[in-house]
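The values are calculated or read from the model by the stated rules, or taken from the named source; none is laboratory data. Everything numeric in this text was worked out from a predicted model, so none of it was measured. Because the Cβ atoms are built from the backbone with ideal geometry, glycine has one as well, and the counts that use them run over all protein chains shown.
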Amino acid sequence: MIALMQLIFSVLVILAFFASTVMAGDLHEQAVQDSLTPIRPGVPGTAPFWNGQAKQFISAPAFEFAAVAGAKSYRFSVRAEDGQTLAFEAEEPWAALTPVWAKVPVGTTTLTVEGLNRSGGGGGEVVGVAGTRTFHRAAIFNGPYGKPVVPYAQSARLAIQSVMGEPFVKSWRDSGKPDASYPLYRYAAKVIGSLVGGCAMYASQLPRPADAEEAIATGKRAADFLIGISQPPGTPLEFFPPTYHGAKPTERENDDWMMLMTPAEAAQGYLDLHDVTKDPKYLDAATRIADTYGKLQLKSGTWPLKVDNRTGQPLADIDLIPSEVIRFLDRLVTQYGQEKRQPTLDRAVGWMMENPVRTFNWQAQFDDAKLRGAYQNLAKHEACEFGNYLFAHAAAKDADKAGKIALAEEIVRFAEDQFVVWENPPKLAPRQGIEPLDPRHWITPCSTEQYAMFEPISGSSAFMITSYLAAYRATGKPLYLAKAQSLANALTLAQQRHHGRYPTRMIEQDLAYWLNSTVNTARAMRMLADQESR
């Protein structure tokens, strides 16, 4: 009998192994097939080319190369890092690389497109070069990758507990103001607002921590400070908490400037604190911020990105991509029943549909980065947030449910294509004399942040995890859940190597520590844990 039971157990283990192997193979094959479909390819005069400054591609790209005089067709030569060259011909110089893409190995890749004087195949003489482009051919998902070092819920608990234990966090209870030893508090709305939300998250855990009330006290002190330094009533940006506070003036930051996504970020922290304490003060503070957004909304439906907080006038001709404002207003409508926010929300969503959703100009909008022109520095945060909104609002009775989901999936594909590194990180050239991070030290899978900061950031993995979870809930596709788990598994490994913290950069040793990145990552890990418990 014992021998029979051992035999049965062995068979079950073997079957489980083969089942998991087959599943992994199926997921990889799905990812390969997905990669052969170009993401919003440009067409001259019809659709803009958005990827001129892109660092990498998982899906087959198409580039903006001009027609060559006298050319009847074009030869595309793709030279891979291993020296092999793959070629095909097409009628237009901006054709996607789909015909050879599945055979292009991971690594630095150079494309040359030549105009030929003959069409229909069969050779022809070269009459000119339409263009060349070098990029990183990124790895296609071949997971699931790794396993969690600790369960996701425990990982989140450890991380948020590490935040509460930081000296520059504990000091709020005594001083009621930012600790000067932590210079990133100068990004007041984002970082202090995130701390407020982190304190609420810590106190709301089950089982409830013994020091939950201390965390709440810390959150209240931080929130009260932020409310106290907000723009006074009657000023152009009344009740908006500052983007910068105590910042040394540079071309990027100044206490007299405000970026208009950051008040919404702070307001989310107020709402989190209200949900735990039921103190109306914090809901009122968030509501006042929403009122000001309503007053300042442009006829187009959005807001300026960066303004002088003394006058409310724009500092640059760049629009805010209002994904964060949309998330905030949508929360007021859906969770708090503030229906009066719906018109402002609808106008902002309409602007999104007519602008970045159509143009794919997902400009990076970070309060610590300089402003750049269209398509020069793309990022994924705003794209992920808006994709999540579309997934959440693709209701069963929605006549365009399938269309919304398909659009949201395309947006998630863009974010993954441009910023997720499943394995084999790219070899990047120095930027402004600064050597890039050695790819051998990256902890993968991971996600980068923006073209100008193409480094593995834990908070960026968090954005992708929440997007994959939103996509999984909307579609039921196992591939999305596997991708979320793979990123989360790497986060637990990085956390183990950094003594409970989620390091800001997913590398072996990292001295930078953005508090908001850890809080956002802990939140994403809790969401994943909740999903798996259903």
Sole residue being farther than 26 Å from Y451 by Cα, of a type outside the set (A, V, I, L, M, F, W, C) and in contact with an Asp or Glu (Cβ under 6 Å, 6 or more places away or on another chain), chosen from T344, T292: T292
Inter-residue pairs, beta-carbon under 6 Å, first without any contact (Cβ under 8 Å) to a residue 60 or more places away in the chain and in segment 310-333, second of a type in the set (F, W, Y) and outside any strand (DSSP E or B), 6+ apart: none
Residue match in segment 515-530 (condition: part of a helix (DSSP H, G or I), modelled with pLDDT of 95 or more, under 19 Å from the mean Cα position of the chain (by Cα) and closer than 15 Å to G143 by Cβ): yes
Hits in segment 424-467 (condition: of a type in the set (S, T, Y) and within 11 Å of the chain's Cα centre (by Cα)): S447, T448, S458, S460, S461, T466, S467
Per-region count, segment 175-220, residues charged (D, E, K, R) and under 28 Å from the mean Cα position of the chain (by Cα): 2
Selected residue (only one of R118, R133, R137 is touching a residue at least 12 places away in the same chain (Cβ under 8 Å) and more than 22 Å from F360 (Cβ to Cβ)): R118
Hits in segment 233-248 - residues which are over 15 Å from Y293 (Cα atoms) and surrounded by fewer than 17 Cβ atoms within 10 Å (Cβ to Cβ): G246, K248
Test set (1) part of a helix (DSSP H, G or I); (2) out of contact with any helix residue (DSSP H, G or I) (no Cβ under 9 Å at 6 or more places or on another chain) - P232 fails condition number: (1)
Residue among F419, F386, F391 that is in contact (Cβ under 8 Å) with a residue 40 or more places away in the chain and within 24 Å of A490 (Cα to Cα): F419
Every pair of residues 6+ apart whose Cβ atoms lie under 6 Å, when the first sits in segment 92-105 and is over 11 Å from P41 (Cα atoms) while the second is surrounded by 16 or more Cβ atoms within 10 Å (Cβ to Cβ) and of a type in the set (S, T, Y): P93/Y74
Residue satisfying all of: in segment 479-511; among the hydroxyl-bearing types (S, T, Y) and in a loop (DSSP other than H, G, I, E, B); nearest to the chain's Cα centre (by Cα) among these: T504
Residue check for G52: in a loop (DSSP other than H, G, I, E, B), free of Cβ contacts under 8 Å to residues at least 12 places away in the same chain and not assigned by TED's automatic domain parsing to the domain that holds G128: no
From V196, V169, residue being assigned by TED's automatic domain parsing to the domain that holds L491 and either modelled with pLDDT of 95 or more or crowded, with 24+ Cβ neighbours inside 10 Å (or both): V169
Residues of segment 175-228 satisfying the condition of being under 19 Å from D279 (Cβ atoms), part of a loop (DSSP other than H, G, I, E, B) and either aliphatic (A, V, I, L, M) or out of contact with any helix residue (DSSP H, G or I) (no Cβ under 8 Å at 6 or more places or on another chain) (or both): R208
Members of segment 159-174 that are more than 23 Å from the chain's Cα centre (by Cα) and part of a helix (DSSP H, G or I): Q161, S162, M164, P167, F168, V169, K170, W172, R173, D174
Extreme residue, nearest to L378 (Cα to Cα), among residues of segment 285-337 that are of a type in the set (S, T, Y) and surrounded by fewer than 18 Cβ atoms within 10 Å (Cβ to Cβ): S300
Test: residue in segment 85-106 that is among the basic types (K, R) and either assigned by TED's automatic domain parsing to the domain that holds Q418 or surrounded by 15 or more Cβ atoms within 10 Å (Cβ to Cβ) (or both): no
Segment 249-284 - residue that is over 30 Å from Q205 (Cα atoms) and of a type in the set (D, E, K, R) and, of those, surrounded by the fewest Cβ atoms within 10 Å (Cβ to Cβ): E251
